[in-house]
Structure formats: C-alpha cells, structure tokens
Amino acid sequence: MTTATKPLAVVTGASSGIGLELAKQFARHDFDLVLTAEDDELAAAADEVRACGAHVDAVRADLAAADGVEQLVRHLGGTGRPVEALAVNAGVGINGEFAGDTLLEDQLTVVDLNVRSAVHLTKRVLPDMVERGRGRVLFTSSIAGTSPAPYQAVYAASKAFLTSFSEGLRAEVADKGVTVTALLPGPTDTEFFERADMEDTKIAAGDKDSAAEIAEAGFDALMAGEDKVVPGSAKNKLQSAASRVLPDQAKAKQQGKMMKPGSADA
C-alpha cells in the first residue's frame, strides 16, 4: 500500500508511553501518522514510528494552550488529507493536596490539557468525520476517573470528564458512520508518575501494566468500534466493576491510600 492511499491517524501526547505505543499500533496497521507533543522526545518518537513503516509528521506544540491546538489543526489542513482516526491521548497530572502547596497554575494546566484541549481538538476534527460519514476517535481516559481521588482530585475529575464526553459524543454520532471509544487504563509503566511527582506513592510503587499492552487493547477496541475498554490486569477490571457499586466515600478513601504522598513507605 502506498503512502498516498494510506489512512491518516493523529495521536496527541505521542512522545512516550501510551501515546507512542498507540502510534506504533497505527503504523503497523497501515496508517500514516501526525504525531504531536510539546517535549524534546517527539523527534526520536517519530523516528521509532517511521521504523514501523509509516510516513510520519511530527508537530511540536503545547496543546494546553489554544494556540497549540490551532497549530496542529493548521498542519492537518495543510496535509490535504482527511483524518481517519484521532487518538486524544495527551494528559498530565499533579499530585498533592489541592488546598495545600500545589500551585494553581499547575492544577489549571491539568484542566487545560486533559479537558480543554480535548474538547477543542475534537471540535475541529469530528465535524469533518461526520460530514464524510467515516472516522474513529479514541480518548485516553483512566480508571482513576471512575472514583474520587484525593491528592489527584483535578486529574481524576478530568478523566471522568473524558469518559463522559466520549460516551456523549458516541451517542450523538452513532448513526453517522463515526465511532468514539474510551480507553481506561490503570497504573501503567510510563513517565506519568515522575512527571506528576508521584514516585513516593503506593500506586507508583505497585505493579503496572506495559504501555504497549494498553495501547494494543485501545487500538483493537477503537477498530472494533467498542464504546470503552478497561485493559490490563484483572485488578483494573475489578476496580472498574467496584466503582459502579461502592459509595463515593469508600472509593475516595481507597484512592487516597494509594495516592497520598509518602504512602509508598507506609
């Protein structure tokens, strides 16, 4: 299959972790890629994906800013190619007490990247999919979004938003040839815990799924048109099931034990 006839996929937060592994999944299944992230690792990540046989454009942009989203949108328009698949994966967390010494600007960055940019980019891409009657959207949410999460209050709320947003959009486009899927991973072996200053927490010290395993499950669910998938260990699936029956107070208490700073040594 030539590059000119391959479908085009867009993956945000693609410089490492689940985003990079999702990009590799698309490449191995005959997609070309537009990858975006805001860090220095993006160029090396793009080379890894090219090695899987895809044509790859790397767009370095800060999606937490509206201008960064529009930069990506302009690049997509310049390709002259329709977006067949959009993986909204970029996300960030910040650990600590909301009313404590965490910074307001850091908490708002979580909202801007995890929520605002997801809405902004999807609004720019989804209408064209609907007009063509073809397309797929994947949101990387989290099992953390199924429960209140002390010390990760804004992050967990942002992931709950993404799951709900995904489900709402899915219902809107159900008869328009477009599918929307939510990916809800549990603890995964990525740079997330380091970036979120969570390395001293019980959840960071525990077992984690591989990013490649999570990405494969997410890609398979996307291509199958599923509404959501909870990949990885049986513990993730148990937590997801328990979240539907346990009271919020009990869920918050359990989450707090896992995410409290210093809990790794408790």
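The values are calculated or read from the model by the stated rules, or taken from the named source; none is laboratory data. Bear in mind that the values here come from a model prediction, so they are computed numbers and not experimental data. Every residue, glycine as well, gets a Cβ built from its backbone with ideal geometry; the counts of neighbours run over all protein chains shown. The accessibility values were calculated without ligands, DNA or RNA, using every heavy atom of the protein model including side chains. Shrake-Rupley method; radii C 1.70, N 1.55, O 1.52, S 1.80 Å.
A few comments on the model shown:
- 3J(HN,Hα) along region 98-104, derived from phi through the Karplus expression 6.51 cos²θ - 1.76 cosθ + 1.60 where θ = phi - 60°, amounts to 4, 8, x, 9, 5, 8, 4 Hz, with x in place of Gly and Pro.
- Between Arg74 and Arg50, the simple label model (points 7 Å from Cα in the Cβ direction) yields a spacing of 2.3 nm.
- Selected from Val34, Val119, Val56 as most flexible by GNM, with the chain as the system and alpha-carbon contacts under 10 Å: Val119
- Those lysines that a straight Cα-Cα span of less than 22 Å connects to Lys257, excepting residues fewer than 8 apart in one chain: Lys159, Lys202, Lys208, Lys235, Lys237
- Gaussian network model of the chain, Cα within-10 Å springs - most flexible of Val11, Val229, Val130: Val130
- Taking amide H as placed 1.01 Å from N in the peptide plane, Val180 has its amide H under 5 Å from the amide H of Val137, each at least 5 places away in sequence or on another chain.
- Simple spin-label estimate for Arg81 and Asp106 in nanometres, 7 Å along Cα-Cβ: 3.9 nm
- Cα centroid separation, region 180-217 to region 8-81 (Å): 20 Å
- Of the chymotrypsin sites (Phe, Trp or Tyr not before Pro) found in region 65-151, the ones in coil according to DSSP and having at most 15 other Cβ atoms within 10 Å of their Cβ are Phe98.
- Computed magnitude of the charge dipole of region 167-266 (debye, nearest 20; Cβ of K, R +1, Cβ of D, E -1): 540 debye
- Kirkwood-type radius of region 43-185, with distances r between different C-alpha atoms, in Å: 16.3 Å
- Here's how it looks for Thr201: its modeled amide H is under 5 Å from those of Gly262, Ala264, which are all 5 or more places away or on a different chain.
- With contributions of -39500 (n - 2.57) from each DSSP H run of at least four residues, the per-residue ellipticity at 222 nm computed over the chain stands at -14000 deg cm²/dmol.
- Where trypsin sites (Lys or Arg not before Pro) fall in DSSP loop in region 164-260, at most 10 other Cβ within 10 Å: Arg244
- Solvent-accessible area per residue for the chain (1.4 angstrom probe, square angstrom): 46 Å²
- For Glu38, the residues whose amide H sits under 5 Å from its own are Ala61, ignoring neighbours fewer than 5 places away on the same chain, with H placed 1.01 Å from N.
- Taking the 1.4 Å solvent-accessible surface of region 32-91 as the whole, the part contributed by carbon and sulfur is 48%.
- Per the Cα gyration tensor, region 54-137 maps to an equivalent ellipsoid with semi-axes of 30, 13, 11 Å, ordered largest to smallest.
- Radius of gyration, Dmax [the chain; alpha carbons; angstrom]: 17.8, 56
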